[in-house]
Structures are given as structure tokens and as C-alpha cells.
Amino acid sequence: MNAYQSEKQKKSIDFSIKATWLAISKMYNVLGGDYDITHSTGFVLLNIDKEHGTPATKIAPMMGMEARSLTRMLKTMEEKGFIYREADEHDRRKVMIKLTEEGRRRREMSKQTVKVFQGRINDVVTDREMQNFFKVIDKIHGVINHQQSMLQEIQSNLALKGIKDEDLKKA
């Protein structure tokens with residue numbers, strides 16, 4: 001966190017995660033910029049099996065992306081010569097995304113960037129701190145998985161303030 005963030009912002013889980021994620025993404029973009037690798041491109045490359053390729057339908061869920069966004073990204077990566085598409089030998093409806101030689105080199109660059117970053121984190125964070133970090137992340141995921149009960153609580157809180165749910169819903 002930097003000096004410009006308020007104490008309230010520093011205590012906000014979503015603010016801290018978002019600010020850190022944006023900083024990480026920016027770092028990856030800067031490190032990969034001279035190599036024509038964005039954070040997102042590197043992430044896609046790392047999620048493609050380097051030997052056999054990966055079904056196009058499996059990549060978006062692995063990355064937590066919408067299929068539409070991934071389709072645009074794959075098109076750009078194909079135009080740059082990082083990947084190619086190949087119909088599955090056994091099921092012509094399936095499309096495999098495979099790495100070109102250029103894509104393999106870019107994947108290795110992405111892999112090394114992630115490894116060096118992880119090493120730098122390991123230099124300043126103890127094993128115990130890292131274990132605690134992942135325990136907290138798992139708990140946050142658990143909370144996220146209970147969105148319906150969160151919505152009910154939000155609606156109750158709004159009702160106490162005189163705000164009706166139907167007044168907020170899209171027309």
C-alpha cells in the first residue's frame with residue numbers, strides 16, 4: 001500500500017486485493033512490454049499445454065474469463081503467430097489451441113517472469129505468512145460462494161434505510 005491510501009482503504013479487503021492485482025498486472029505488462037507479451041497474453045500462453053494444446057473451451061474457465069473476451073485475445077495471438085487452431089482428430093467440433101515455436105518462446109518468457117516474481121515474494125514473505133495468506137484467500141473464496149445470502153443481507157440493510165429493492169433494479 002502506498003502513502004496516499006487512507007487507513008479506511010487499507011482495511012478494505014476488496015480495495016487491497018484490487019489495488020494489488022492492478023499493480024501485479026501492470027508489472028507483468030511492463031516486464032513483457034518489450035517482448036509483445038501482455039499480462040493477459042502470458043496468462044493464456046501458460047494455460048495452453050505446450051505439448052498437446054488445450055481445447056479452446058477449457059481455457060476461458062481456467063482463467064476466469066468470458067469466452068467472448070478470450071476469443072478476441074486468441075485471434076490477436078493467432079495473428080501475431082503465437083498460437084494456431086487445429087480441429088480435434090477425434091471430434092471435429094472441438095478446436096485445440098496449440099503453440100507455435102514463437103508461442104513456446106513467449107510461454108517460456110512468461111513462465112520465467114512468474115517464477116522470478118514468485119521468488120522475489122518468497123524472499124520477503126515467510127512460509128508461515130504464505131500459508132496464512134492462502135488460508136485467508138480460501139476463506140474469501142468461501143464468502144464469495146455465498147452471494148445469495150449476501151444479497152439478502154444487503155436487501156435487508158437497504159430496507160432498514162427505506163430503500164426498496166425494486167427501486168434499484170434495472171428497468
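Read the figures in this text as sums done on the coordinates, not as results from a lab. None of these values were measured; they are calculated from a predicted model. No Cβ is skipped: glycine too gets one built from the backbone with ideal geometry, and neighbour counts run over all protein chains shown.
Which longest run of the chain has no exposed loop site in it, a site being GluC sites (Glu not before Pro) in a DSSP loop with at most 16 other beta carbons within 10 Å, and the site itself not part of the run?
Of all site-free stretches, the longest is 90-171.
Could you tell me the center-to-center distance, by alpha carbons, between region 8-52 and region 101-129 in angstrom?
About 12 Å separates the Cα centre of region 8-52 from the one of region 101-129.
What value, in deg cm²/dmol to 500, does the helix sum -39500 (n - 2.57) over DSSP H runs of n ≥ 4 give at 222 nm once divided by the residues of the chain?
When only DSSP H runs of four or more count, the value is -21000 deg cm²/dmol.
Report relative contact order for region 1-135 in percent, whole number only (criteria: Cα-Cα under 8 Å, sequence separation at least 6).
After rounding, I find 21 percent.
According to the Cα gyration tensor, what semi-axes, each the square root of 5 times an eigenvalue, does the equivalent ellipsoid of region 126-171 have, listed from largest to smallest in whole Å?
One finds semi-axes of 35, 10, 8 Å for region 126-171.
If you take the Cα Rg of the chain and divide it by 2.2 N^0.38 Å, with N the number of residues, what do you get?
Output field value: 1.34.
Within the chain, which is the longest segment that contains none of the trypsin sites (Lys or Arg not before Pro) sitting in a DSSP loop with at most 15 other Cβ atoms within 10 Å?
Answer from the scan: 95-160.
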